[in-house]
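To keep things clear, I will list the structure first and then write my remarks on it.
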Amino acid sequence: MPAVRRARRPTTGPPAVARPRGPSRARLARLIGARARTATPEERQGIAGVLGTLGGAAALAELEPLLSDPSDRVRRAALLAFDRSGGGGAAARRRVRTFLGDPAPRVRGAAAIVLGRRRDRASVAALLQRLEAPGSWEKPSVAIALGRIGDRRAVPALRRLASRPESWVRVCALHALGEIGAVAGRPAVRAHLDDVAWSVRGAAAAALGTLGSTEDVPRLLALLDDRHPWPRRGAVYALGRLGRTETAARLRPALGDPAPEVRVAACWSLGRLGDVRARYAIARVLATAPPPTGGEVAGASGGESLPGRNAEAYLFEAALGALARLPPGDARTRADRLLADAQRKLSPAQLDRPSIAVFSEGRADRPAPTLRELFSSALQQGRRR
C-alpha cells in the first residue's frame, strides 16, 4: 500500500523562536545566597531583602545563615525577609519567638513585628516580658504587636506604657489599646486627648473610635479645631467610627481642610455615616484629587493605618469609596457630572485594578472591588430616587 503523504499545515505567522530562559527562582536564590558569603554587612542586609522578595523554599534555606549573622542589622533584615518569603506554620512562629531574646533591641523589635503580623497568641507572655523589661527601643514594636494580636491580658501593661515620657512610645501604646478595644483601656486613652505632643493627641483621638462612647463626642469635636492636623485627623476618624450621624455637619468642613490627611479622613467618615448632603462636596474632592497611582493597600478598616506622608495620593480613592457608600441621592445632582468626568480621566488598566481596601471596606475573604465597580456603584447611587 503506497504511503500516504500528509498535507502540510499552512503557517499563520512567523516561525516560533525559542526564547532564552533565565535561571529559575530557586537557582537565583542560591546564586544570591552564595554572594552573601563574601559580602559586606551592608550588602548582606540588602541580600536578605532580595531573598525575602523571591520567596520559596530555596530562599528560606539561603536566609538561614543570615538569621544568625554577627550583624544585628543583617539579622533584623533576615527576620523580616523570613516573614515575607513564606516561612509560615507553627514551627516558623516558634522560631521567630526565639528572637525575642536576641541581644540586639532592633532584632527583638523585628521579631515583635513579625509575631504581630501573624497574630501569634502564643507569644503574648514573652511580648509582655519585653514590654516590662528596661529600655525603650523595641517597646513601640512590642506594643503594636500586642494590639494586632488583640489579647486583653496586655491592657494593664499598655496602660502603664501610655504614661512613658517618650511620645513615640505613648503613641504606640494608645494605638494598641484602640486595636484591642477593651473598655479598661478607655481612661488611659481619654487622659491623653490634651497631651502636649500632637502625635499623642492624634493617637488618643483615633483610639476612641473603638473605645469611645457618647460622652467623648464633645471632646472629639473640640479637637477638630486643633492647631495640628494629626489630632484633627484622629478626631474625624473617631467620629465616623462611632457612627454619630449628628456630627456630620461638623465633619463636612473638614473636606476643605488644608491638610490632605484630614480630607482623606473626612471622606471616609462621611461615607461611613451615609451623609448624602456631603455628596457634591466629596465629588469635588474626587474631581480635584491627583489621579490614583495604585499605591500600597492600607490595612485596617477606619484608616488608622494610613501613612501620614503622601496622604494626598489617597484622596482620589477615599472620595470614590465614600461616594460608592452613600445612600441614593437626587437624580439631578451635579455630583454625577463630576464622577463621570473623573472616570473618563482613567485608563482601562487603572479602572480595573483593585481599590485601596481601607476605603472599600475590603476583607480578607473577598477581593476588594475595582475602581470601575466603585464608579458604577457611585453613579447608580446618585441616579436612584
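Nothing in this text is a laboratory measurement; each read-out follows from the coordinates by a stated rule. Worth saying up front: this structure is predicted, and the values here are computed from it rather than measured. Positions of Cβ are generated from backbone atoms using ideal geometry, with glycine treated the same way; all protein chains shown enter the neighbour counts.
Here are some notes:
- When you restrict to C-alpha pairs under 8 Å that are six or more residues apart and normalise by the size of the chain, the relative contact order lands at 8 percent.
- Remark: spin-label model distance Arg334-Asp225 equals 3.0 nm, labels positioned 7 Å along the Cα→Cβ axis.
- Dividing the summed -39500 (n - 2.57) terms of all DSSP H runs of n ≥ 4 by the residue count of the chain sets its mean residue ellipticity at 222 nm at -17000 deg cm²/dmol.
- The residues neighbouring Gly55, those whose beta-carbon lies less than 12 Å from its own, together hold a net charge of 0 under the Lys/Arg +1, Asp/Glu -1 convention.
- Other residues with beta-carbon under 12 Å from the beta-carbon of Gln45 carry, at +1 per Lys or Arg and -1 per Asp or Glu, a net charge of +1.
- Positive dipole terminus of the chain, leading residue within Leu242, Ala133, Thr98 (C-beta point charges): Thr98
- Packing-based ranking, highest mean first, of 51-57, 343-349 given that Cβ atoms within 10 Å are counted: 51-57, 343-349
- Close amide H pairs (under 5 Å, H built 1.01 Å from N) link Thr370 with Ser355, residues at least 5 positions away or on another chain.
- Farthest positive-ward along the chain dipole, Cα basis, beta-carbon charges - from Gly52, Ser163, Leu79: Gly52
- Cα-centred dipole magnitude for region 199-298, charges only on beta-carbon of K, R (+1) and D, E (-1), debye, nearest 20: 200 debye
- Hydrophobic long helices, here whole DSSP H runs in the chain with Kyte-Doolittle means of at least -1.0 and Cα atoms spread over 27 Å or more along the helix axis, are not found.
- Under 11 Å, Cβ to Cβ, from Val107 - net charge with Lys/Arg +1 and Asp/Glu -1: +1
- Rounded to the nearest 20, the Cβ-based charge dipole of the chain about its Cα centre (Lys and Arg +1, Asp and Glu -1) stands at 1500 debye.
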